[in-house]
Each structure stands twice: as structure tokens, then as C-alpha cells.
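Here is the structure we will look at, set down as C-alpha cells.
The values are calculated or read from the model by the stated rules, or taken from the named source; none is laboratory data. Note that the structure is a prediction, hence the values are computed from the model and not measured. Note that each Cβ is placed from the backbone with ideal geometry, even for glycine, and that neighbours are counted across all protein chains shown.
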Amino acid sequence: MNPVPPADGAFLRIESVTKDFGSFRAVDHVSLDVARGEIFALLGSSGSGKSTLLRMLAGFETPTSGRVLLGGVDLAGRPPYERPVNMMFQSYALFPHLSVWDNIAFGLRRDGLPKAEVAERVDAMLRLVQMEPLARRKPHQLSGGQQQRVALARSLAKRPQLLLLDEPLGALDKKLREETQIELVNIIHSIGVTCVLVTHDQEEAMMMASRIAVMSHGRLLQIGAPAQVYENPANRFVADFIGNVNLMDGTVAGPHEVRCADVVHRFAQPLAQGTGAAVTVAVRPEKIDIAAEAPNEGGNCVRGVVTAFSYFGDSTMFHLELPSGARLKVHVENDHREGSMPFAPGDAVWASWQPGAQIVLTE
């Protein structure tokens, strides 16, 4: 079949894909376009359907309905080994008895490539992931980060059109994971391969991907650039899943006001919802200031009592109890070297934020 490139530039197209396992629907009518060369992240908790969707792209699962097109070609009926797709698993799945060089060469040899071409590709991949000095080592002689780079080199050696990453950094500790994220993105961009990443780690998705899709119960709840999804979540689930957030239920009291249990929220722009509408106001903790005295300027403020704090070195999260008994989280940057806490549990404080800091959610 001759490929028919989509007019709108989508390279990977998922059209209303559904996957049922008996009476359980793991993926529910998912439609999604990914551009050529893009790193796209599917973000969701365990059981959200993201890994099932990835396995359908790889050919390990067959859609119950819908279709997947890559470069205009329908992948229906194509087994994994006939797809221009390669998948890198969380466990890396390296062969323990083979050297780094032979692990990377394994798939190329199975495809019957000439010996000289195998050597050329393997050496190129070793240079790309900076593993040339360790080419003769076995996997057990490598660190977790080095094993991850070998697995990536093996996945890219076959020059796939689509690279699938399933929780690629899940086996690494936090510091190494953060270092490897940047390295991994640079390698993928240098190759120019289109990539779909599955992760439950929001920071990983926001760091690595140009766009993310938040998934829950088999459905895509929101698709957008990381900043768009973080600053303008589509609903309560997305707001709560991406980062920390304070959610307050209330009622629209006027064009610029929402009345909640502890505070009347004032907004800079007029609200789309009419007076009397039930809504939820979302405020990110880092957009809130905390002080011992009530703020002088107009805006949003509420009095509370510090119940606890979490010190993270570069920042501190204060937990406040409001008059209604509700909780409020306030994130404060630690820009002074002394490390002393300005407030302690039991202190009465004022929390305040600007009229443009919060958003209104209706779902």
C-alpha cells in the first residue's frame, strides 16, 4: 500500500481506537495526532490505559476498533516485527550474556544486514550514546544509566520511524533520572525520530515532551503543551494530577467573584459562568504568598493556622488550616541561606494571591 501523507502534517494518527479485554474497556475511543519528530508523552496513573495504547502502537495488542496510521499507512494486521516501530521497555531487557556491542547488534543481525553495515551502525550508536569505551562490557558491569543508554542505542540502531518508550527512566534514582532526561531528549532530537513516551511521572513528561496527554480510565482528558496543561487544566482531575493544587468549591457571586467557604475569590477578568453557578477554584501553591500581617493591597487573602511544613532545601511547603477546617498549601522559595523557618506550627498567618493567579473549573 502506498502511504498517503496527511494534509495537516500528522505523522502518527490514532483514530478512535478502543481496546476491550472482555467486559473491561482499557482504552476508550482515543484519537490523537503526533507530528513527525515530536516527543509526545502519555501521562497517567496505573490502570489509566496508557501502556495498553502504547502496546497497540507496537503491535503487541490489536485494537477492538479504530485504526493506527503511521506516515499515512494503516498498521492493521502488521505484526511487531513488520512495523517501522521499536519499543524500549522499563526493564531495558538487555541480554545478560552478550556484550554492549552485541546487544546493540542483535536486532540488526536478525534482520540479516551485512556484517559491515551492522558494525557501522553499532559503532555509530555507541558514539551517539557515548558508550564506546564500554562496548565489551556485559550489562551487569554497567550502572543503571549506562544500561538505559545501551537499551536506547539498541532501539535506535534499526532506524525506526517511531520510537516507543515505556517508563524509560523508572528504574533510575531521582538524581540520575533528572540527568538522564536531558541526555535522552538530546539524543532523540539528534536522530530526529518521532517518539511516544508513556510515564506516570508528571515531571518526566513535562521535562521531556513538547506535548502531553493526560489519560484516565482509558480516555484522554486533555492534550497540550506542558505549560498549557499545568496553567490551564481542563478539569479537577487534571489540575490535581499535574503538580500540587488547592481546590475550593464555591458559587459564582458576580462577574468577578466566586464565594467559597473561607474566601471570596476576586478575578481580574469577567467569569464565563453566570451568577449562582457551582464551580471549583484552583490555586497553585507557588502562586500564594504567606505573611504574619494582613496584606494592604486589594486581592485575595485568607487567615489560617500553620499545621505543618515540609522542607525540601530549595523550597518549603507550608500546610495551613482555614476557619472552615479546609487545608491550604503554600509553596515558598528558600532564597535565604540561613535555613530558618519563618513560621512554625501553631502560628496564625495570612495567605494571599493576585486576582489572576487562580482559575475556575466547572468539571
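Would you pick out the residues in the stretch 273-313 that are closer than 25 Å to ALA234 by Cα and either part of a loop (DSSP other than H, G, I, E, B) or outside the structural domain of THR251 (by TED's automatic domain parsing) (or both)? GLN273, GLY274, THR275, GLY276, ALA277, ARG284, ILE288, GLY299 - these are the residues of the stretch 273-313 that are closer than 25 Å to ALA234 by Cα and either part of a loop (DSSP other than H, G, I, E, B) or outside the structural domain of THR251 (by TED's automatic domain parsing) (or both).
With respect to the conditions (1) within 30 Å of LEU271 (Cβ to Cβ); (2) more than 11 Å from the chain's Cα centre (by Cα), ILE212 lacks only one, and its number is (2). The combined condition, being under 25 Å from VAL238 (Cβ atoms), assigned to a strand (DSSP E or B) and either modelled with pLDDT under 90 or polar (S, T, N, Q) (or both), is not fulfilled by THR316.
Restricting attention to the stretch 39-57, the residues that are surrounded by fewer than 21 Cβ atoms within 10 Å (Cβ to Cβ) and among the hydrophobic types (A, V, I, L, M, F, W, C) add up to 1. Contact map, the stretch 119-148: first residue in contact (Cβ under 8 Å) with a residue 40 or more places away in the chain and exposed (fewer than 13 other Cβ atoms within 10 Å of the Cβ), second residue part of a helix (DSSP H, G or I) and small (Gly, Ala, Ser), Cβ cut-off under 7 Å, separation 6 or more or different chains; the map is empty. Among the residues making up the stretch 325-358, those that are touching a helix residue (DSSP H, G or I) at 6+ places or on another chain (Cβ under 8 Å), modelled with pLDDT under 95 and over 15 Å from ALA291 (Cβ atoms) are ALA357, GLN358.
Consider VAL349 carefully, then state whether it is assigned by TED's automatic domain parsing to the domain that holds ALA308, more than 28 Å from PHE237 (Cβ to Cβ), among the aliphatic types (A, V, I, L, M) and in a strand (DSSP E or B). When the stated conditions are applied, VAL349 passes them.
For the condition closer than 14 Å to PHE312 by Cα and part of a loop (DSSP other than H, G, I, E, B), SER340 qualifies.
The criterion of at least 3 residues that are within 30 Å of ASP33 (Cα to Cα) and among the small types (Gly, Ala, Ser) is met, among helices (runs of 4 or more DSSP H) falling completely within the stretch 81-199, by 144-157.
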